[in-house]
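Report on one structure; see the data block that follows.
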Amino acid sequence: MKFTDFNLKETIQAAITEAGFVEPSPVQKDAIPIILEGHDIIAQAQTGTGKTAAFGLPAMSMMKGDGSVEGLVIVPTRELAMQVSDELFRFGKLSGLKTATVYGGTAYGQQIDRIKQASIVVATPGRLQDLLMSGKVKMSPKFVILDEADEMLDMGFLDEIKNIFTFLPKDRQTLMFSATMPPAIRKLAEEILNNPKTVSITKAEKTNTKITQLYYVVQEKERDDALVRLIDYKNPDKCIIFCRMKKEVDRLVAHLTAQGFKVSGLHGDMEQKQREVTIRAFKGGGIDIFVATDVAARGLDVNDVTHVFNYQIPFDSESYVHRIGRTGRGGKTGEAITLVTPNELKTIKRIEKDVGTTMTTQVIPTRMEVQNNRSDALISKIAETKVTENAIMLVKTLQHDLDIVTIAHLLASLVQEENFVQGKDNIGLGLEEIELLIERALNSRGAGSGDRSGSRNRSGGGYRGNKPRTGGGGSGTSDRHGRNGRSTGGRDSRNGGQGSRG
């Protein structure tokens, strides 16, 4: 199917062609015809599946551009408001459809002026409610869209949303998009939608096939060590680490910062300005690692996240899908890594079944394996390095007191010191142990008995040598992403590249 099959307005189709879009995504293919027919809709779709175009293109195709506000999009966060507004502007500019973005922390007068000139308003619930209740803004949009509805409820905006709808005309087309469909969302839909049609992406379409999904079994007390070891081994360009609670985010940020990583946290207690600065740094390469809660990461749109780490397994399958969808975007590949304890193996198998995917179990690399990866990468980097005049002068100066072999040994020792991998030799369980625990978890009601913290069975190492490997380290040689300013350049050069792209 092609976008041209929808018979959208010529100027909208021209904008689609200009953007380089040819084939609609599954949610676009299902939702656009329903919206064009004039039905209300409740659509379940994850972030990154093309939701904005799914509701924006048909709505804009039916707009008259008469100078009034014809479309209202309500979103949970300021970042998402700006992203949605930018995308709608791109699709509507050839049709003369202007957008206004409305959120807290900005002067009322400026936003009111923009609303008066706009065909589409993209707003966060709090500021929109304030403007409507003050009487400073009146609008009668034909199209009202709730985007990321589940997040708005998670953030406590239910009362605001209900109040906003008391100011809107009953003769409207209402479109609700949500990543998950808990009972509260269903109840809200019954109150504000009129005989809605339902669109739900099938399980096969929910998980991105470009994302490699792995899990590692560790004891509870090993989570921190396992996370650091895996970051060292995978050497991600950019990654997001998911935790369940805000206090865990703060604790983990402090721990990783102490280890020398460039890391920042993201959760609901952060002020808006601090949140914006942090996200900008992550997009620009000033920060390599984001530690976030599920709610805080909603609306975060970064295309070059190479890895997602589930420090703790999510509470439900939908959250798992939403988390891992932060990587493997824009046609790129990604890797999703989950840490689980023996008692959580049953939950992993349930998530696999729920979302129609398969996760591969692997063993945490040993300290020596990570060290060898770093050494190989360092040897390659040294072989490819160009000799500079300053380096020649330095060696000549050292030769006054030392022979050339001693100089080489000293310099190599200096570099190796920065490249040293810390931590325990072995972390987590081996494949044979994991397979036994999985079998017990699936076949026994008493799956909780599988937490065998005393059984390591590592002396022979037979099964460790046969474990599968994907990705590996070795793509850069910077120790802890430039710890104490002593980077060998691999990580920092990538950051510079990301900054220039931003």
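The values are calculated or read from the model by the stated rules, or taken from the named source; none is laboratory data. Bear in mind the structure is a predicted one, so any value in this text is a computation, not a measurement. Here the Cβ is made from the backbone with ideal geometry for all residues, glycine too, and neighbour counts use every protein chain on show.
Side notes on the structure shown:
- Close pairs (6 angstrom Cβ cut-off, 6 or more residues apart or separate chains): of a type in the set (Gly, Ala, Ser) in the stretch 175-186, crowded, with 20+ Cβ neighbours inside 10 Å and assigned to a loop (DSSP other than H, G, I, E, B) anywhere: Ala179/Gln46
- Residue list for the stretch 345-376, filter: of a type outside the set (S, T, N, Q), in contact with a Lys or Arg (Cβ under 7 Å, 6 or more places away or on another chain) and modelled with pLDDT of 85 or more: Val363, Ile364, Pro365
- Among the numbered conditions (1) assigned to a helix (DSSP H, G or I); (2) over 30 Å from Asp159 (Cα atoms), the only one that Pro24 does not meet is (1).
- The residues in the stretch 54-80 that are surrounded by fewer than 24 Cβ atoms within 10 Å (Cβ to Cβ) and part of a helix (DSSP H, G or I) can be counted, and the count is 4.
- Residues satisfying the stated conditions in the stretch 352-373, i.e. surrounded by fewer than 22 Cβ atoms within 10 Å (Cβ to Cβ) and β-branched (Val, Ile, Thr): Val355, Thr357, Thr358, Thr360, Thr361, Thr366
- When every residue of the stretch 85-100 is checked against the conditions, at least one turns out to be surrounded by fewer than 21 Cβ atoms within 10 Å (Cβ to Cβ), in a helix (DSSP H, G or I), in contact (Cβ under 8 Å) with a residue 60 or more places away in the chain and among the polar types (S, T, N, Q).
- Given (1) at pLDDT 95 or above; (2) crowded, with 22+ Cβ neighbours inside 10 Å, number of the condition Asp40 does not satisfy: (2)
- Candidate set: the stretch 68-81, residues that are within 12 Å of Val121 (Cα to Cα) and not β-branched (Val, Ile, Thr); chosen: the one nearest to the chain's Cα centre (by Cα): Ala81
- Listed by position, the strands (runs of 3 or more DSSP E) inside the stretch 200-274 whose residues that are at pLDDT 90 or above, over 30 Å from Met82 (Cβ atoms) and out of contact with any helix residue (DSSP H, G or I) (no Cβ under 9 Å at 6 or more places or on another chain) number at least 1 are 211-217.
- Selection status of Glu160, in contact (Cβ under 8 Å) with a residue 40 or more places away in the chain and either outside any helix (DSSP H, G or I) or crowded, with 17+ Cβ neighbours inside 10 Å (or both): no
A quick yes/no check of all residues on (1) over 29 Å from the mean Cα position of the chain (by Cα); (2) over 20 Å from Thr17 (Cβ atoms):
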site: Ala43; (1), (2): no, yes
site: Gln83; (1), (2): no, yes
site: Leu88; (1), (2): no, no
site: Gly92; (1), (2): no, no
site: Ile112; (1), (2): yes, yes
site: Gly126; (1), (2): no, yes
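- Restricting the stretch 133-153 to residues that are in a loop (DSSP other than H, G, I, E, B) and buried (at least 17 other Cβ atoms within 10 Å of the Cβ) leaves a set whose member that is nearest to the chain's Cα centre (by Cα) is Glu148.
- Any chance Thr397 is surrounded by fewer than 14 Cβ atoms within 10 Å (Cβ to Cβ), out of contact with any Gly (no Cβ under 9 Å at 6 or more places or on another chain), assigned by TED's automatic domain parsing to the domain that holds Lys238 and not basic (Lys, Arg): no
Matching residues to (1) without any contact (Cβ under 8 Å) to a residue 60 or more places away in the chain; (2) in a helix (DSSP H, G or I):
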{"position": "Thr327", "(1), (2)": "no, no"}
{"position": "Gly330", "(1), (2)": "yes, no"}
{"position": "Glu344", "(1), (2)": "yes, yes"}
{"position": "Thr347", "(1), (2)": "yes, yes"}
{"position": "Glu352", "(1), (2)": "yes, yes"}
{"position": "Met368", "(1), (2)": "yes, yes"}
{"position": "Asn373", "(1), (2)": "no, yes"}
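- Taking the listed residues Leu345, Leu300, the one that is among the hydrophobic types (A, V, I, L, M, F, W, C) and farther than 24 Å from Val253 by Cα is Leu345, with no other qualifying.
- Residue in the stretch 349-389 that is farthest from Glu335 (Cα to Cα), counting only those that are of a type in the set (Gly, Ala, Ser) and outside the structural domain of Leu437 (by TED's automatic domain parsing): Ala383
- Members of the stretch 163-185 found to be surrounded by 12 or more Cβ atoms within 10 Å (Cβ to Cβ) and more than 24 Å from the chain's Cα centre (by Cα), listed by number: Asn163, Ile164, Phe165, Phe167, Leu168, Arg172, Gln173, Thr174, Leu175, Ala184
- Given (1) surrounded by fewer than 19 Cβ atoms within 10 Å (Cβ to Cβ); (2) small (Gly, Ala, Ser); (3) on the phi > 0 side of the Ramachandran plot, index of the condition Ser380 fails: (3)
- Of everything in the stretch 15-30 that is under 24 Å from Gly96 (Cα atoms) and either surrounded by 15 or more Cβ atoms within 10 Å (Cβ to Cβ) or outside the structural domain of Thr180 (by TED's automatic domain parsing) (or both), the residue that is farthest from the chain's Cα centre (by Cα) is Ala15.
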